Each structure stands twice: as C-alpha cells, then as structure tokens.
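**Q** This is the structure I want to talk about, given as structure tokens.
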Amino acid sequence: VVLNDSNTLYKDGFRIPDFNKKAEEIANEYGLFFIDNYNGPVINIDNRNICFSENDGTHPMIPGRRLIAKNIAKNLIEKFG
C-alpha cells in the first residue's frame, strides 16, 4: 500500500523505482521498446511542483501528464519515425 509518495515502501519493501527497473528488465528480455518516464529529464526537481500535487508525488497532475505524453511521443517518433 502506498501511503503518499513514490519512495513509500510497499508491502514487501519494494518502491516504485524497483518496479520501474523490473519493467525495463522484462521489456529487454522480450525485446520490447521501453520508455522510461520515471528516471530522466521529463519531470525533475525544477518542475516537480507543477507536475505533482503537494501531497502526491506518485500520480502526476495534468501538466505532468502532458510532459510524460510528449516524452512518449518523442521516443516513439525517434524509434519508429
């Protein structure tokens, strides 16, 4: 159960970064294209306050969703044209 933010521990001690890393590993095992919207320059310390609410650092608000969508589109265009 997540209490409030992405670093909150889950039942077995796993955090969102752990699940993100595992998702990338699985994608690589199956030869799938993986877009990492968790790590990297999309949402960072400089724009976090417009992307997430004060009490929820896990679920992005509309401005954060737009940045993530732009990153997905950019990666898909770069990969597939």
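The values are calculated or read from the model by the stated rules, or taken from the named source; none is laboratory data. Model, not experiment: these values are computed from the prediction. Methodologically, a virtual Cβ is constructed for each residue, glycine included, from the backbone with ideal geometry; neighbour enumeration extends over all protein chains shown. The area values use the complete protein model at the heavy-atom level, side chains included, leaving out ligands, DNA and RNA. Shrake-Rupley method; radii C 1.70, N 1.55, O 1.52, S 1.80 Å.
**Q** For region 38-81, with every protein chain kept in place, what is the accessible area per residue (1.4 Å probe, Å²)? Could the numbers behind the result be given before it?
**A** Working: 3380 Å² over 44 residues.
So region 38-81 comes to 77 Å² accessible per residue, rounded to a whole number.
**Q** Using label points projected 7 Å from each Cα along Cα→Cβ, tell me how many nm separate Arg65 and Asp36, to one decimal.
**A** 2.6
**Q** Continuing with the same structure: Under 20 Å Cα to Cα from Lys70, which aspartates and glutamates show up? Leave out anything in the same chain fewer than 8 places away.
**A** Glu24, Asp36, Asp46, Glu78
**Q** When the Debye formula is applied to the Cα atoms of the chain, each taken as the same point scatterer, what base-10 log of I(q)/I(0) results at q = 0.14, 0.17, 0.18, 0.20 Å⁻¹?
**A** Listed by q, the Debye log ratios stand at -0.55, -0.79, -0.88, -1.02.
**Q** Let me check I've understood the local charge: for Phe33, count other residues with C-beta under 15 angstrom from its C-beta, Lys and Arg +1, Asp and Glu -1. What total comes out?
**A** Local net charge: -3.
**Q** Roughly how many percent of the accessible protein surface of the chain is carbon and sulfur, given a 1.4 Å probe and a whole-percent answer? Please report the intermediate quantities before stating the final value.
**A** Values: 3560 of 6260 Å².
On the chain, the fraction of accessible area on carbon and sulfur atoms equals 57 percent.
**Q** Would you look at the GNM of the chain, springs on alpha carbons closer than 10 Å, and say which of Asp18, Asp46, Asp56 moves the most?
**A** Among Asp18, Asp46, Asp56, the largest GNM mean-square fluctuation belongs to Asp46.
**Q** Tally Lys and Arg at +1 and Asp and Glu at -1 over the other residues with C-beta under 12 Å from the C-beta of Pro63: what net charge comes out?
**A** Details: positive: Arg48, Arg65, Arg66, Lys70; negative: none.
Its environment carries a net charge of +4.
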